[in-house]
Amino acid sequence: MKLRFLLCLCIVGALAQSDYDEEDGAEDKKDLKEALDPRGHRPVSRGRETYSAGPAAPPPISGGSRYRGRPTVAPVGKLMQEKEEQPDSGGCTHMSEKMGVLCPTGCDLKKTLQKQERNVRPTVEQLKRSVDELTQSTNSVYGYVLDMTAEVTQRQRVSEGNGLVVGQYTDSLETQHAFIKDAVDITFPQNIKILQGVLDKVREKIQRLEKAITSQRAKCQVPCKVSCPIPVVSGKECEDIIRKGGEESQMYLIRPDPLSMPYKVFCDQTSKKGGWVLIQNRMDGSVDFGRRWDDYRRGFGNIASDVGKGHCQTPGEYWLGNDRISQLTKMGPTELLVEMEDWSGSKVYAQYEQFTVQGEATNYILAAGRYSGTAGNTFLDGATELFGENRTMTIHNGMMFSTYDRDNDKWIPGDSSKQCSREDGGGWWYNRCHSCNPNGRYYWGG
């Protein structure tokens, strides 16, 4: 840039000199017609001028421009001489034998500069082109620097974001590492100890099973004999069996639903014209009826036994199961017959021509109607010894089935200490609480 600046100064000076000479060219031609002082100060036609007697001052050597100065006043007492007119040699020079040749004049300087301009101009043009190229390159570099700056800024932002993500990921890894270390050091050993305890218990059970299997194998070395064969006759229920010829009261296979498996029941084919499915029987207290909900749902006990006649004609103590009882009542109109006998041999009965038990979704709600018999209508009337609300709370009709682990009675619901099943034992359609409880505790001797 410094080199460029100096060259411009030189060129500007030369051009300025050239412009100056051209503007004053016309005036110079007019002035050249007038007689000039040998020193070129001013025309002599303007009047007489006085000069000092001393030697003349040398003319100024300038770049061709004229200097119009003020006249010099001669000192007092000196003789003033009139300026001698010098011949005009014409052209751009004024020669005088006395004063010598004043050269170069402005015209010669212009010509000299024009000659030099021819050599300098191509260089200047080349320099201008170089400067333009340099300017373009500088702009390109500047743009590239701006792009690089933006890219660096963006990369710095990305780097900062990556640093934040790396920090979060590191924190997460540290948390997971702490969790895994705690699990490996504390949780896993504890679980291993628990599993070892469970494994030891399983081993003990396996040993007991192995002993039981060994004992059973010893007993089964002699072929087993069927003590209670099942009759060939079967049907949907006991009334269907009696129509097919099964007239003896004993254990049979029934299949109420063709899509379900058959199961064993005791059919009473003698009471009230026969065809009764025995859904509950108690005779000696040999089976515990204080069972859980699932036991009452599936059924439990012994269906029948052989007393030496070669077939199972003696019913055992059992509960058929709420699911099966509900299924039987849905097959069509169903009757319920309840027969009871005390320790002295007295017998009573209660018969309901309408009897249904809904499914487990409703907790096996009971519905009975059209009573007849000698035992008393406890399902519909409750305990006849009581009156008013006390009697009403012993009615069983419309009640849900309850066991000690599934309390559905009306005696302070939600209070575990107020449960009919826990207080009276067994599972039944309790209200608050009951007027009959055939599945309750079995009392020997009454």
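The table below gives the values:
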| read-out | value |
| --- | --- |
| Evaluation of TYR252 against (1) at pLDDT 90 or above; (2) over 26 Å from VAL307 (Cα atoms) (one fails), failing number | (2) |
| Pairs where the first residue, in the stretch 431-446, is closer than 10 Å to HIS396 by Cβ and the second is open to solvent by 30 Å² or more (accessible area, probe 1.4 Å) and aliphatic (A, V, I, L, M), C-beta under 6 Å, 6+ apart | ASN431/MET393; ASN431/ILE395 |
| Unique residue being more than 39 Å from the chain's Cα centre (by Cα) and part of a helix (DSSP H, G or I) when the list is VAL165, VAL202, VAL158, VAL198 | VAL202 |
| Residue in the stretch 355-366 that is in a loop (DSSP other than H, G, I, E, B) and of a type in the set (A, V, I, L, M, F, W, C) present | yes |
| Unmet criterion (only one of (1) surrounded by fewer than 18 Cβ atoms within 10 Å (Cβ to Cβ); (2) within 55 Å of the chain's Cα centre (by Cα)) for SER286 | (2) |
| Matching residues in the stretch 321-347 - criterion: being aliphatic (A, V, I, L, M) and over 15 Å from TRP429 (Cβ atoms) | LEU328, MET331, LEU337, MET340 |
| Selected residue [touching a Leu at 6+ places or on another chain (Cβ under 9 Å) and not polar (S, T, N, Q)] from ALA361, ALA383, ALA368, ALA375 | ALA368 |
| Evaluation of ASN363 against (1) open to solvent by 50 Å² or more (accessible area, probe 1.4 Å); (2) within 56 Å of the chain's Cα centre (by Cα) (one fails), failing number | (1) |
| Tabulated pairs, the stretch 353-367, first free of Cβ contacts under 8 Å to residues at least 24 places away in the same chain, second open to solvent by less than 70 Å² (accessible area, probe 1.4 Å), C-beta under 7 angstrom, 6+ apart or interchain | GLN354/ALA368; GLN354/GLY369 |
| Residues of the stretch 336-352 that turn out to be open to solvent by 50 Å² or more (accessible area, probe 1.4 Å) and touching a residue at least 24 places away in the same chain (Cβ under 8 Å), as a count | 6 |
| The stretch 269-283: number of residues that are more than 58 Å from the chain's Cα centre (by Cα) and in contact (Cβ under 8 Å) with a residue 40 or more places away in the chain | 6 |
| Members of the stretch 324-335 that are among the basic types (Lys, Arg) and surrounded by 15 or more Cβ atoms within 10 Å (Cβ to Cβ) | ARG324 |
| Residue in the stretch 205-226 that is closer than 30 Å to GLY275 by Cα and without any contact (Cβ under 8 Å) to a residue 24 or more places away in the chain present | yes |
| Of all residues in the stretch 294-323 being at positive phi and modelled with pLDDT under 90, the one that is most open to solvent (accessible area, probe 1.4 Å) | GLY308 |
| Residue match in the stretch 227-240 (condition: touching a Leu at 6+ places or on another chain (Cβ under 8 Å) and outside any loop (DSSP other than H, G, I, E, B)) | yes |
| Among residues of the stretch 417-427, those that are in contact (Cβ under 8 Å) with a residue 24 or more places away in the chain and open to solvent by 30 Å² or more (accessible area, probe 1.4 Å), counted | 0 |
| Cross-chain or 6+ apart pairs with Cβ under 6 Å, the stretch 313-328 first and in contact (Cβ under 8 Å) with a residue 12 or more places away in the chain and aliphatic (A, V, I, L, M), then part of a strand (DSSP E or B) and open to solvent by less than 10 Å² (accessible area, probe 1.4 Å) | ILE325/VAL357 |
| Residue in the stretch 250-257 that is more than 60 Å from the chain's Cα centre (by Cα), more than 25 Å from GLN351 (Cα to Cα) and loosely packed, with under 15 Cβ neighbours inside 10 Å present | no |
| Some residue of the stretch 236-245 being open to solvent by less than 100 Å² (accessible area, probe 1.4 Å), under 26 Å from ASN439 (Cα atoms) and within 60 Å of the chain's Cα centre (by Cα) | yes |
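To keep it simple, each residue is scored yes or no on (1) surrounded by 17 or more Cβ atoms within 10 Å (Cβ to Cβ); (2) touching a Phe, Trp or Tyr at 6+ places or on another chain (Cβ under 6 Å).
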| residue | (1), (2) |
| --- | --- |
| GLY373 | no, yes |
| MET393 | yes, no |
| HIS396 | yes, yes |
| SER402 | yes, yes |
| ASP415 | no, no |
| ARG432 | yes, yes |
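The values are calculated or read from the model by the stated rules, or taken from the named source; none is laboratory data. What you see is a predicted model; the values in this text were computed from it and never measured. Cβ atoms come from the backbone with ideal geometry, glycine included; neighbour counts cover every protein chain shown. These accessible areas exclude ligands, DNA and RNA; they are computed on the full protein's heavy atoms, side chains included. Shrake-Rupley method; radii C 1.70, N 1.55, O 1.52, S 1.80 Å.
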